[in-house]
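This report concerns only the one structure given below.
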Amino acid sequence: ISPAIIVAVVKGDKLLLGHNRRHRGGHVFSVLAGFVEPGESLGECVRREVMEEGGVEVKDIRYFASQPWPFPASLMIAFTAAARW
């Protein structure tokens with residue numbers, strides 16, 4: 001199984017969204033996500049992905065839910081986290 005995380009990063013009433021510059025055809029925004037690296041915990045993955053994709057440190061990481069993902073042998077694990085900006 002290849003685990004992946006997805007995370008809603010909030011601060012007050014604000015939600016951090018990302019935008020892929022390669023996406024053509026309008027403005028599409030989403031919460032941040034990424035695959036867990038070998039030897040990395042889920043919490044470490046959340047921190048790394050949010051920093052890499054959004055440049056934001058997070059705290060209070062909390063598990064939300066999980067579901068199978070449409071790729072073979074993948075599992076998506078969802079979290080919420082508070083931004084430190």
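The values are calculated or read from the model by the stated rules, or taken from the named source; none is laboratory data. These numbers were taken from a predicted model, which means no experiment stands behind them. Here the Cβ positions follow ideal geometry from the backbone for every residue, glycine too, while neighbour counts run over all protein chains shown. For accessibility, only protein heavy atoms count, side chains too; no ligands or nucleic acids. Shrake-Rupley method; radii C 1.70, N 1.55, O 1.52, S 1.80 Å.
Can we say Arg48 is surrounded by 14 or more Cβ atoms within 10 Å (Cβ to Cβ), free of Cβ contacts under 8 Å to residues at least 24 places away in the same chain and closer than 27 Å to Trp85 by Cα? Yes: the conditions hold for Arg48.
Checking the conditions here, which among Gly54, Gly34 is surrounded by 15 or more Cβ atoms within 10 Å (Cβ to Cβ), small (Gly, Ala, Ser) and touching a residue at least 40 places away in the same chain (Cβ under 8 Å)?
Gly54
Taking region 58-79 as the range and being touching a residue at least 24 places away in the same chain (Cβ under 8 Å), open to solvent by 70 Å² or more (accessible area, probe 1.4 Å) and either farther than 18 Å from Val31 by Cα or in contact with a helix residue (DSSP H, G or I) (Cβ under 7 Å, 6 or more places away or on another chain) (or both) as the test, only Phe71 passes.
Please determine whether any residue of region 51-61 is in contact with a Ser or Thr (Cβ under 6 Å, 6 or more places away or on another chain) and assigned to a strand (DSSP E or B). There is no residue in region 51-61 that is in contact with a Ser or Thr (Cβ under 6 Å, 6 or more places away or on another chain) and assigned to a strand (DSSP E or B).
Let's see how each residue does on (1) open to solvent by 70 Å² or more (accessible area, probe 1.4 Å); (2) at pLDDT below 95:
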position	(1), (2)
Ile1	yes, yes
Val7	no, no
Gly18	no, yes
Arg24	yes, yes
His27	yes, yes
Gly39	yes, no
